1. Restricting to segment 252-278, what's the tally of residues that are in contact with a strand residue (DSSP E or B) (Cβ under 8 Å, 6 or more places away or on another chain) and not in a strand (DSSP E or B)?
2. Taking segment 310-338 only, how many residues are assigned to a strand (DSSP E or B) and out of contact with any helix residue (DSSP H, G or I) (no Cβ under 9 Å at 6 or more places or on another chain)?
3. Confirm whether residue 405 is at pLDDT below 90 and part of a helix (DSSP H, G or I).
4. Any idea how many residues of segment 14-31 are assigned to a helix (DSSP H, G or I) and crowded, with 16+ Cβ neighbours inside 10 Å?
5. With the checklist (1) surrounded by 20 or more Cβ atoms within 10 Å (Cβ to Cβ); (2) touching a strand residue (DSSP E or B) at 6+ places or on another chain (Cβ under 7 Å); (3) at pLDDT below 95 in hand, flag the one item residue 315 doesn't pass.
6. Would a scan of segment 441-454 turn up a residue that is touching a helix residue (DSSP H, G or I) at 6+ places or on another chain (Cβ under 8 Å), assigned to a helix (DSSP H, G or I) and surrounded by fewer than 20 Cβ atoms within 10 Å (Cβ to Cβ)?
7. If residue 18 meets every condition in (1) within 19 Å of residue 466 (Cα to Cα); (2) touching a helix residue (DSSP H, G or I) at 6+ places or on another chain (Cβ under 6 Å) apart from one, which number is that one?
8. Only one of 228, 212, 249 is assigned to a helix (DSSP H, G or I), in contact with a strand residue (DSSP E or B) (Cβ under 9 Å, 6 or more places away or on another chain), under 28 Å from residue 445 (Cα atoms) and touching a residue at least 24 places away in the same chain (Cβ under 8 Å). Can you tell me which?
């Protein structure tokens with residue numbers, strides 16, 4: 001959660017470094033207050049086990065904040081980075097929670113495996129720690145479901161409906177375990193720290209499950225039209241009231257729920273494929289890839305729609321330098337919004353688009369893209385994985401050579417690059433752009449799979465996230481080795 005590589009939204013949201021510092025302070029708050037309570041410390045390993053438990057519980061409560069769509073906090077770094085960090089934090093707190101009882105079982109055992117195992121069995125099967133054991137089991141289930149949520153047999157709605165309530169249950173079990181058994185939690189200052197974190201988590205729960213769903217319906221958006229614009233792509237036009245208060249920047253996205261389905265368990269993220277100047281009309285270009293989207297062509301005009309947004313930091317920074325766009329499949333949607341906005345604003349910049357698709361029928365909204373070419377300085381190169389090739393079309397998938405050709409004779413330090421599409425395509429494209437001399441802070445991408453990725457920029461993001469937990473680990477070590 002450090003300052004992003006692609007700070008594409010200025011103004012809304014805190015700098016990444018500030019968010020990271022606040023996160024570490026809140027995660028370490030109960031432990032730091034416990035440090036000054038005057039309680040005589042145990043052996044270092046026992047104190048480290050205590051620190052693991054305190055920090056795991058704090059991280060669990062902070063998960064309710066990092067999973068939310070709070071643009072005023074994280075709008076500058078983007079929701080994909082926020083959710084990617086949320087996933088890293090989930091794995092970290094689960095590791096801390098598993099090591100927490102193991103540390104107690106190992107302390108003073110003089111390396112005797114039988115004694116360690118006996119202590120673990122006593123802790124896991126005894127009545128006194130039952131809520132803690134149930135909380136740990138619940139954490140394992142939450143992480144497993146999150147890892148499996150992209151499987152074809154896992155319905156998105158089931159995952160959404162189970163993830164939050166299960167996390168609330170685990171948080172309640174954790175709170176009971178800490179209050180009933182915690183060495184430091186009996187101290188009033190530490191209890192106040194827990195109350196602060198619990199209030200923050202509770203406010204997030206109320207926002208997600210009560211206030212935001214109500215707010216999503218308030219403007220009365222309706223579906224105006226749904227039309228097919230590709231073999232497996234549809235264009236949905238939404239119309240809001242003439243007095244709509246919604247404002248967005250080209251490239252951002254919304255969370256959408258169509259009646260009779262209700263948020264928060266049935267809302268899905270879709271990129272806006274229209275320009276801000278077209279409001280109160282919103283255009284979405286959507287791939288038919290899931291149980292929900294496959295039924296969109298059956299939606300009747302006039303059907304009510306609930307909208308939460310805008311979200312995302314995938315927006316083009318101001319300037320007059322050339323712009324490279326690399327889109328794969330339905331990743332063309334935000335690019336259409338960016339290009340439409342350029343046309344509305346009479347943008348004189350040079351735009352170069354590389355559009356990759358499985359075949360020509362799989363291209364989404366090709367006619368609209370052709371119309372935009374007549375309004376702005378836009379060149380389009382098409383890559384097709386299969387089928388016959390026409391003029392200006394070449395064989396895909398995207399590779400480093402295609403990226404170098406797209407850059408051509410443009411000065412690498414002057415361009416802005418926007419990438420959207422399958423994860424591997426974005427990773428390869430970003431790496432190729434870096435190799436060609438394009439600045440890291442000029443390469444912008446956003447993904448809805450919230451995966452960490454394998455590209456160089458993704459690895460740098462992951463290192464930045466892990467550095468937050470390394471800082472927390474250092475505080476835990478200091479806590480555990482302090483003198484009596």
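1. Residues of segment 252-278 in contact with a strand residue (DSSP E or B) (Cβ under 8 Å, 6 or more places away or on another chain): 252-259, 262-263, 266-274.
From what's left, not in a strand (DSSP E or B): 252, 259, 262-263, 266-267, 273-274.
Summing the residues that are in contact with a strand residue (DSSP E or B) (Cβ under 8 Å, 6 or more places away or on another chain) and not in a strand (DSSP E or B) in segment 252-278 gives 8.
2. So the answer is 0.
3. So residue 405 does not fit the description; no.
4. Initial filter on segment 14-31 (assigned to a helix (DSSP H, G or I)): 16-27, 29-31.
Checking which are crowded, with 16+ Cβ neighbours inside 10 Å leaves us with 16, 19-21, 23-24, 26-27, 29-31.
Going through segment 14-31 one residue at a time, the tally reaches 11.
5. It fails just one condition, (2).
6. No, the conditions are met nowhere in segment 441-454.
7. (2)
8. 212
The values are calculated or read from the model by the stated rules, or taken from the named source; none is laboratory data. Keep in mind it's a predicted model, so treat the numbers as computed, not measured. Every residue, glycine as well, gets a Cβ built from its backbone with ideal geometry; the counts of neighbours run over all protein chains shown.
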